[in-house]
1. Between 211, 199, 254, which is among the basic types (Lys, Arg) and part of a loop (DSSP other than H, G, I, E, B)?
2. Tell me, yes or no, whether region 402-411 has at least one residue that is at pLDDT 95 or above, more than 14 Å from residue 451 (Cβ to Cβ) and touching a strand residue (DSSP E or B) at 6+ places or on another chain (Cβ under 9 Å).
3. Using the structure shown, decide if residue 214 is hydrophobic (A, V, I, L, M, F, W, C), in contact with a strand residue (DSSP E or B) (Cβ under 6 Å, 6 or more places away or on another chain) and open to solvent by 10 Å² or more (accessible area, probe 1.4 Å).
4. Listed residues 447, 420, 428; which is open to solvent by less than 40 Å² (accessible area, probe 1.4 Å) and assigned by TED's automatic domain parsing to the domain that holds residue 330?
5. Under 23 Å from residue 347 (Cβ atoms) and more than 14 Å from ligand 3 (Cβ to nearest atom): which single residue out of 234, 221 fits that description?
6. Can you name the residue in region 388-400 that is under 27 Å from residue 430 (Cα atoms) and open to solvent by 10 Å² or more (accessible area, probe 1.4 Å) and is also nearest to the chain's Cα centre (by Cα) among such residues?
7. If you check 430, 461, 470, 477, which single one turns out to be of a type in the set (Gly, Ala, Ser), touching a His at 6+ places or on another chain (Cβ under 9 Å) and at positive phi?
8. Which of the residues belonging to region 399-425 are in contact with a Phe, Trp or Tyr (Cβ under 9 Å, 6 or more places away or on another chain) and of a type in the set (S, T, N, Q)?
Amino acid sequence: MKLTSKERGARIASTDLLIVFAIKGKKLELPEGVELPAAAKKDFTGAFRSTRLCDPKSGSASRVLLVGLGDTKSLDAEALRRGAAIAVKDAEKLGFATPLAYVSEDVEKAVGGAFAAGCALGEGLVMGAYQFTELKSEKFTAKVKGVQCAGGGVEFKKGLRQGHVLAEANCFARDLQNRPGNYMKPTDFTKHARAIAKKGARLSVTVLGEKQMAALGMGSLLSVSRGSSEEAQLVHMVYKPKKKASRRVCILGKGLTFDSGGISLKPGAKMDEMKFDMSGGAAVMGVFHALSSLDVNAEVHCVVVASENMPAHNATKPGDIVTAMNGKTIEVINTDAEGRLILADGLCYASKKIKPDTIIDLATLTGAVVIALGHEISGMFPNTVKLGKDLAQAGENTGERLWELPLLEEHKTQLKGTYGDLRNINSGQGAGSSAGAAFLSHFVGEGIDWCHLDIAGTAWGSECRDYRGGQTGTGVGVRLLVDYLQNL
Ligand code: BES
Ligand code: ZN
Ligand code: ZN
């Protein structure tokens, strides 16, 4: 979708649909020259998520759509993001090709300035218009071709561009998520990474296949892909900033393109949803996508460990002992706890080869986090207070919220192995998400700030937030991490 920005004060060009955002309890501010009949405004209070389509008395717009954002007190970027998504969905349903969205000064002020308003508007319009239709036999073409956005000055324009970039990165991640296992394989991560890296001179990619992984001693990761005919991939993407960076950050994603559970086979109900088990990897790819169009100060390493977990005659069996890249031996008690096995080697690789200051991993790691936190907030396990605070702030800024869960020494010792160093699950002690995080902690290099994000609840199946929600992928993590990186 094309987004163009316009100065608010200027007389608006002709449009098939003028979208005006209204604040509850405040006088409706319309663009120069546009007048509405009294009946159109009657009883329209501007309540959050309410809309009204009406015909203007004068002005160059054919129709006007009023979109309520609620009252000033609760009006924030999230409200505008949702309002914009509601508007673009209505425009699409009604078949308006080139709407114009008008953001008043009051709305800008309420959401925190022209930049924030532009950004939220861009995000809401593009994410709200997202549909996954590529696998329907009937070709889909969006009716809304582009939106002209009227707001205040250069800051609004910059914000709009940023919102557009972030939303496209989010939608890119959602496409990867929504593709089923037969369309999205470990090697597809590689293909997309290479395509993105072509877009910028400061972007690069290296990929490890199974041979190179074996040479590095990644027996833990390889134990997961053994039963699959799809080759595992470790995709390492690098973003270098314009100026020499003071920080090196690694983001690492679980890219299980299908998790059947392996020999510890999952039950049939909802097993199809395990195509989403690559959502951490999708988020990492989305960040790399965003970094091809916007700048941050840190050197960013985006790593996806990608694999498929299948049962087969040669698949890893419960009880098998495997050796990770750092030499630790692991008893695979349950082959369905495979995310931690591939991340273990991902963390070793990041710690030893990249040597970052900070590692943040994203993974649909445990069903337990869905029980604990549901679908609206992700679990986080930071190993420093500062990292937890910074990420939580990014969560508030973007609406991709995080909640800290405990990682105790006891959780780590509960994973001591009988025959090997570690076992990949605890036994009957509960705290499944903490156990997953505790397992990962054994593979993080000394002195590295690290945070594990368990996105098993938020990656799909969240409540409707207008710009996302429902059963399909949410692209969670992309906007969160870009916000974190930009504020470093
Ligand atoms: N991919 C799953 C976690 C998951 C389950 C994500 C449901 C989203 C919804 C993971 O690989 C897994 O199977 N974990 C097991 C761990 C258990 C065997 C300790 C789980 O959560 O049941
Ligand atoms: Zn599993
Ligand atoms: Zn899994």
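The values are calculated or read from the model by the stated rules, or taken from the named source; none is laboratory data. Treat the numbers as computed from the prediction; the structure is a model and nothing was measured. Here Cβ is always computed from backbone atoms with ideal geometry, including for glycine, and neighbour counts include all displayed protein chains. Side chains are part of the model used for accessible areas, which takes the heavy atoms of the whole protein and leaves out ligands, DNA and RNA. Shrake-Rupley method; radii C 1.70, N 1.55, O 1.52, S 1.80 Å.
1. On inspection, the qualifying residue turns out to be 199.
2. no
3. no
4. 420
5. Just one listed residue meets the conditions, 234.
6. 392
7. Unique residue meeting the criteria: 461.
8. Within region 399-425, 424 is the sole residue that qualifies.
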